[in-house]
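First comes the structure, then the notes that go with it.
Read-outs throughout are calculated quantities, based only on the coordinates presented, and are distinct from any laboratory measurement. What you see is a predicted model; the values in this text were computed from it and never measured. All Cβ positions, even for glycine, are placed from backbone atoms using ideal geometry, and neighbour counts span all protein chains on display.
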Amino acid sequence: MSDVEIMGMIGVNQERDASRGVTVSLFGGGINPADEIPAGIDPEYIAEFSQAHENSDFDKVLIGYSSATADGFGVAGYAASRTDKLGFLIAHRPGFVAPTVTARQAATLDQLTGGRISMHIISGGSDLEQRRDGDWADHDARYRRSDEFMEILRRVWTETTPFDYDGEFYRFEQNLSEVRTYQKPHVPLYFGGASEVAKEVGARRADVYAL
């Protein structure tokens, strides 16, 4: 991973706004209830958008996350199958999938793409957005959870013997993954946030701090 990365962002669907005569790429950010729900996922649009970034020498693209949008791992897998070298930064919000499972998902995709995957761990900023997926944890609790989540990801990716974990948010016994990451020592972890607790967690756990 170089010191400077040129990064874009891809969407999964293209919607035409006739009133303004513009075309909008959709991925993450929510839907106004008064608006028409978008048609869904357009595979060819994902492919063309990804290829445009690759042909323009972008290093990687962000695949966003919200409570209403497509699964980032699935989008990254498809986009990777339609490109050759473009990297994919998958936004992922802790709290809904066990970190042991997420670690294996990411390692699997990292292997299948030849090391083109990174993860951006987002703790969530809007309480309402969190509750849409059933999460009532407050701001500081979400960051403490992200701290544990990233610690566990790293350990699942690198431990060579079964290990136990007993934290505030996660608990398991004798975990050992058979899936190693393609990248060594592991898939890069990105993190961000402006609060003091976010900075502390990022300094402790992240490979890249997003400003």
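Remark: the Y209-D140 segment gains 23.0 nm on full extension, using 0.36 nm per residue and subtracting the alpha carbon distance. Taking 18 Å as the straight-line reach from the Cα of K60, the aspartates and glutamates in range (excluding those fewer than 8 positions away in the same chain) are D3, E5, E48, D71, D84, D110, D207. Diffusion of segment 158-211 by Stokes-Einstein, at 10 °C in a medium of 1.306 mPa s and with Rh set to the Kirkwood radius over alpha-carbon pairs, works out to 119 µm²/s.
Got the relative contact order for segment 7-210 handy, in percent, Cα pairs under 8 Å and 6 or more residues apart?
17
Hydrodynamic radius of the chain by the Kirkwood approach over all distinct alpha-carbon pairs: 18.1 Å. In this structure, D127 and A194 have a Cβ-Cβ separation that, at R0 = 22 Å, corresponds to a calculated FRET efficiency of about 0.85.
Taking 0.36 nm per residue of sequence separation and subtracting the Cα-Cα distance, how much length would be gained by fully extending the chain between V101 and F163, in nm to one decimal? Please report the intermediate quantities before stating the final value.
Working: separation 62, 0.36 × 62 = 22.32 nm, distance 1.48 nm.
Contour length minus the Cα-Cα distance gives 20.8 nm.
The simple Förster model, with R0 at 35 Å and r as the Cβ-Cβ distance, assigns Q174 and N55 a FRET efficiency of 0.15.
The local environment of R144, defined by Cβ-Cβ distances under 12 Å, has a net charge of -3 under the rule Lys, Arg +1 and Asp, Glu -1.
Of the trypsin sites (Lys or Arg not before Pro) found in segment 112-152, those that fall in a DSSP loop while having at most 13 other beta-carbon atoms within 10 Å are R132.
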